[in-house]
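To keep things clear, I will list the structure first and then write my remarks on it.
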Amino acid sequence: MKLYSIADSPLGDLLLVGEASATARGGIAIESLSMPGQKGAATVQDGWQRDDEAFADVTRQLRAYFYGSAKTFDLEFAAGGTAFQQRVWRALDDIPYGTTTTYGRLAEHLGVERAEIRAVGAAIGANPLLLVRPCHRVIGADGSLRGYAGGVGRKQDLLIHEGALQPVLI
């Protein structure tokens, strides 16, 4: 059975979706974290059960991140995606807080040929765990903030929050 909760955040209400897990802290393996207006965002389906208590630890970690007292997440992720997507998503977990990398550098790290960088980008775009699996830390080779399912404005906000970008003062 799919469980869900809604966590408030500076980015808007976050929809958390997961499944019960005997091995996960808090008893939930998180499957999806989506933002309002996100491209391809999960939506609550018939038969899903709201269980805010099951997501209490996830919500606590998200609040700590937004308050600036946590830089990493200790969550169990539900299995999903292709083997290639899972490999790319695990590589996202290795991008340190407060830093960025490029699509090209990530592809090189993964041993993917330059001709296949688009496949890396597509796998990043399919990441169902925005924020906690930090695809927002991947930028263009020219430093531009390329696509982000949650919106480029939110990507910028997250990178400023983490200190990877400086706010623009006018």
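The values are calculated or read from the model by the stated rules, or taken from the named source; none is laboratory data. Because the structure is a prediction, the values reported are computed rather than measured. Ideal geometry is used to build each Cβ from the backbone, glycine not excepted, and the neighbour counts take in all protein chains shown. With ligands, DNA and RNA removed, areas are computed over all heavy atoms of the protein, side chains included. Shrake-Rupley method; radii C 1.70, N 1.55, O 1.52, S 1.80 Å.
Structural remarks
- Under 24 Å from residue 71, Cα to Cα: lysines that are on another chain or at least 8 residues apart: 155
- Net charge in the neighbourhood of residue 93 (other residues with Cβ under 14 Å of its Cβ; Lys, Arg +1, Asp, Glu -1) is +2.
- Expressed per residue, the C-alpha convex hull volume of segment 1-98 stands at 120 Å³.
- Probing with 1.4 Å while keeping every protein chain in the model, the per residue accessible area of the chain equals 53 Å².
- Residue-by-residue Karplus 3J(HN,Hα) for segment 124-129, coefficients 6.51, -1.76, 1.60, Hz, glycine and proline x: 4, x, 8, 4, x, 10
- Cα centroid separation - segment 85-113 against segment 10-75, whole Å: 23
- FRET E, pair residue 70, residue 122, Förster distance 30 Å, beta-carbon r, rounded to 0.05: 0.50
- Annotation note: chymotrypsin sites (Phe, Trp or Tyr not before Pro) in segment 70-170 located in DSSP loop regions with a Cβ neighbour count of at most 15 within 10 Å are 97.
- At most 13 other Cβ within 10 Å, DSSP loop - GluC sites (Glu not before Pro), segment 1-107: 53
- The chain - percent of accessible surface contributed by carbon and sulfur, probe 1.4 Å: 51
- When the alpha carbon gyration tensor of segment 21-170 is reduced to an equivalent ellipsoid, the three semi-axes, largest first, read 25, 20, 15 Å.
- Springs between Cα atoms under 10 Å define the GNM used for the chain, and in it the highest mean-square fluctuation of 30, 160, 124 occurs at 160.
- Mean separation of Cα contacts under 8 Å, 6 or more apart, over the residue count of the chain: relative contact order %: 21
- Protection-proxy order for peptides 55-62, 33-40, each taking the mean of Cβ atoms within 10 Å per residue, highest first: 55-62, 33-40
- Candidate cross-link partners of residue 39 among the aspartates and glutamates, defined by an alpha-carbon separation under 20 Å and a same-chain spacing of 8 or more, comprise 8, 13, 31, 157.
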